[in-house]
1. Explain nothing, just the number: dipole magnitude of the chain about its Cα centre with +1 on each Lys and Arg Cβ and -1 on each Asp and Glu Cβ, in debye rounded to the nearest 20.
2. Among L46, I10, Y32, pick out the residue whose Cα is farthest towards the positive end of the charge dipole of the chain, where Lys and Arg carry +1 and Asp and Glu carry -1 on C-beta, about the Cα centre.
3. So which trypsin sites (Lys or Arg not before Pro) in segment 1-52 are both in a DSSP loop and have at most 14 other Cβ atoms within 10 Å of their Cβ?
4. Give the relative contact order (percent, whole number) for the chain; include only Cα pairs under 8 Å separated by 6+ residues.
5. Just from its helices, what would the mean residue ellipticity at 222 nm be for the chain, if runs of 4 or more DSSP H residues each count -39500 (n - 2.57) and the sum is divided by every residue, rounded to the nearest 500 deg cm²/dmol?
6. Compute the acute angle (0 to 90°) between the alpha-carbon long axis of helix 2-25 and the principal axis of greatest extent of the alpha-carbon atoms of the chain; round to the nearest 10°.
7. Quantify, in whole percent, the carbon and sulfur part of the accessible surface of the chain (1.4 Å probe; protein heavy atoms only).
8. In Å², what does the accessible area per residue of the chain work out to with a 1.4 Å probe?
Amino acid sequence: MIDKTLKHLIAQIDEKVTRIQEDLGGGSARDYSEYRAMVGEIKGLLTARLNMTDLQKNIEESDD
């Protein structure tokens, strides 16, 4: 159950990161401040994703 939940959350993070990257690529940032905020959001999401994949790995290893 936890594994399924983590996979779902990771997928949601991936989708959000992709949307922000597409927005950045499309020039949607109005100024440098907004650009930095968007890049910061990506960085935070990727950090959270890394923590979730580490947790998922630890759970899988503890099940063995």
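The values are calculated or read from the model by the stated rules, or taken from the named source; none is laboratory data. These numbers were taken from a predicted model, which means no experiment stands behind them. Heads up, the Cβs are rebuilt from the backbone with ideal geometry, glycines too, and the neighbour counts pull from every protein chain shown. These area figures cover heavy atoms from the full protein model, side chains too; ligands, DNA and RNA do not enter into them. Shrake-Rupley method; radii C 1.70, N 1.55, O 1.52, S 1.80 Å.
1. Details: 9 positive and 13 negative charges, 58 e Å.
Here the chain has a charge dipole of around 280 debye.
2. The listed residue farthest towards the positive side: Y32.
3. Numbers: sites: K4, K7, K16, R19, R30, R36, K43, R49; in loops: R30.
Counting only loop positions with at most 14 other Cβ atoms within 10 Å, the trypsin sites (Lys or Arg not before Pro) in segment 1-52 are R30.
4. Details: 21 pairs, mean separation 30.7, N = 64.
Result for the chain is 48 percent.
5. On the way: 2 runs with 56 residues, N = 64.
Taking each H run of at least 4 residues, the total per residue is -31500 deg cm²/dmol.
6. For helix 2-25, the angle is close to 10 degrees.
7. Values: 2600 of 4940 Å².
About 53 percent, which is the carbon plus sulfur part of the accessible surface.
8. Details: 4940 Å² over 64 residues.
On a per-residue basis, the chain sits at 77 Å².
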